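Single-structure report; data block below.
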Amino acid sequence: MSLETIDVDQHLFETPTAWADHIDPKSRPDALSIENDERGWAWLTWRGAPLYVAEIQRPHHPEEVGENRLKMGRGETAPGCYEDLLPASYGGGTARVDALDRFGLDATVLFPNFGLIWEGLLAGDPVARRANMRAYNRWMVEVTTPGSGRLFGVAHVGLDDPGWLSEELARLSGDGIRLAMVAPAPVDGKPLSHPDFDPAWAAFCDHGIAPVFHVAGYESPINPAWHAGDPEPGDRLLDSVFLWMAPAIALANMIVHGTLEKFPELRVGVVELTAGWVPGFLLNLDGAFDFYASRHGGAFHPLGLRPSEYFYRQVRVAALPYEAPSYLVSKVGEDTFMIGSDWPHAEGVADPSADRARSVDRLGGRARVQALGGNAAWLLGL
């Protein structure tokens, strides 16, 4: 099968019992679930307590989310139950493949939906967090396997337990999984370049799975003081303004401390964390590295290549169609950017195929091929 057009950012909406149906029996009391309150509004819950409203979104219609939240605040009844309102195409299997056919896409990468919310909310119980990650991963494999090789599900993992991670990656690799979502944030106070995580990066390489940074419920790189007055527990305004900060800091840390040099086979993806920051980041990465060396009489950490060269060699970044990928390619080159639609989220694009075609209309030849699918195929290890 030829996979020339790959959307690297779509989402799987979990079923209400996705976690409970796939969690290890001993951990069943810790399973996440989607449950209705007394007025019929669906909530993501944990141990019987609501964590976050379980919203069903439509591309280009963020106002519907706001309208429903206002209705909830007024005590109105929900318009229907979660399962009845959830389109079949928001899941996996043949319904998602049919959606790809409508969009004219060969394949898509599928990230979690509510998995973007709960990781940080379960930070106080890492055992329960890992149990729910594994449960989600099992469900994800189940619903993407019938996709005729066109649905690339993204696993959800953490670095806090290298033994668990290695075991999970081995199982996922056996199931054909090629990507796993990892938080671009410190783990137990340690940066991602810390030697304690070398076994984790080695495991990604050994099992042929690429870690991917994506919008999710991880620790914000912004000082909490800057969030004052924002009541949103997850999707805070300033975090959205500065989506790029977390992956930029994480990648700079892994590059200047030699992690990417130590693991040249490690492929890293950055998805839905914007793309416009990349040209300036690469300029500043090299410039600051050189300036530091000049002031201190030597490099911060001896590297065999320029810092930016590790980025070019091992990192691929998704751009939404409205981020002008053609312009970004002209600044950075052909082998960095992919196209993601964020379908079917409210901030995503309604027609992934038409919008992505317009976004690369100034590219030709190899540059166009790479943006539409070649760079995504590289990240997937195809």
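The values are calculated or read from the model by the stated rules, or taken from the named source; none is laboratory data. Note that the structure is predicted; figures quoted are calculated from it, not measured. Cβ sites come from the backbone with ideal geometry, for glycine too, and all protein chains shown count toward neighbours.
The table that follows gives values for the structure above.
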{"quantity": "Hits in the range 342-370 - residues which are among the small types (G, A, S) and modelled with pLDDT of 95 or more", "calculated": "none"}
{"quantity": "Selection from the range 117-130 of residues that are closer than 18 Å to V187 by Cβ and either part of a helix (DSSP H, G or I) or out of contact with any strand residue (DSSP E or B) (no Cβ under 8 Å at 6 or more places or on another chain) (or both)", "calculated": "W118, E119, G120, L121, A123, G124, D125, P126, V127, A128, R129, R130"}
{"quantity": "Residues (free of Cβ contacts under 8 Å to residues at least 12 places away in the same chain and closer than 17 Å to P247 by Cα) located in the range 185-204", "calculated": "G189, K190, H194"}
{"quantity": "Counted residues, the range 156-196 - those being touching a helix residue (DSSP H, G or I) at 6+ places or on another chain (Cβ under 7 Å) and in a helix (DSSP H, G or I)", "calculated": "9"}
{"quantity": "Test: residue in the range 100-108 that is without any contact (Cβ under 8 Å) to a residue 24 or more places away in the chain and either buried (at least 18 other Cβ atoms within 10 Å of the Cβ) or of a type outside the set (K, R) (or both)", "calculated": "yes"}
{"quantity": "Residue tally, condition farther than 21 Å from T15 by Cα and surrounded by 18 or more Cβ atoms within 10 Å (Cβ to Cβ), over the range 119-159", "calculated": "2"}
{"quantity": "Segments classed as helices (runs of 4 or more DSSP H), wholly inside the range 225-314, with at least 2 members that are farther than 30 Å from S359 by Cα", "calculated": "245-256, 259-262, 278-296"}
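Matching residues to (1) without any contact (Cβ under 8 Å) to a residue 40 or more places away in the chain; (2) closer than 18 Å to V109 by Cβ:
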residue: L273; (1), (2): no, yes
residue: L328; (1), (2): no, no
residue: G333; (1), (2): yes, no
residue: T336; (1), (2): no, yes
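Here's the yes/no breakdown for (1) under 27 Å from L320 (Cα atoms); (2) acidic (D, E); (3) part of a loop (DSSP other than H, G, I, E, B):
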site	(1), (2), (3)
D21	no, yes, yes
I34	no, no, no
L44	no, no, no
Y52	yes, no, no
I56	yes, no, yes
P59	yes, no, yes
E64	yes, yes, no
N68	yes, no, no
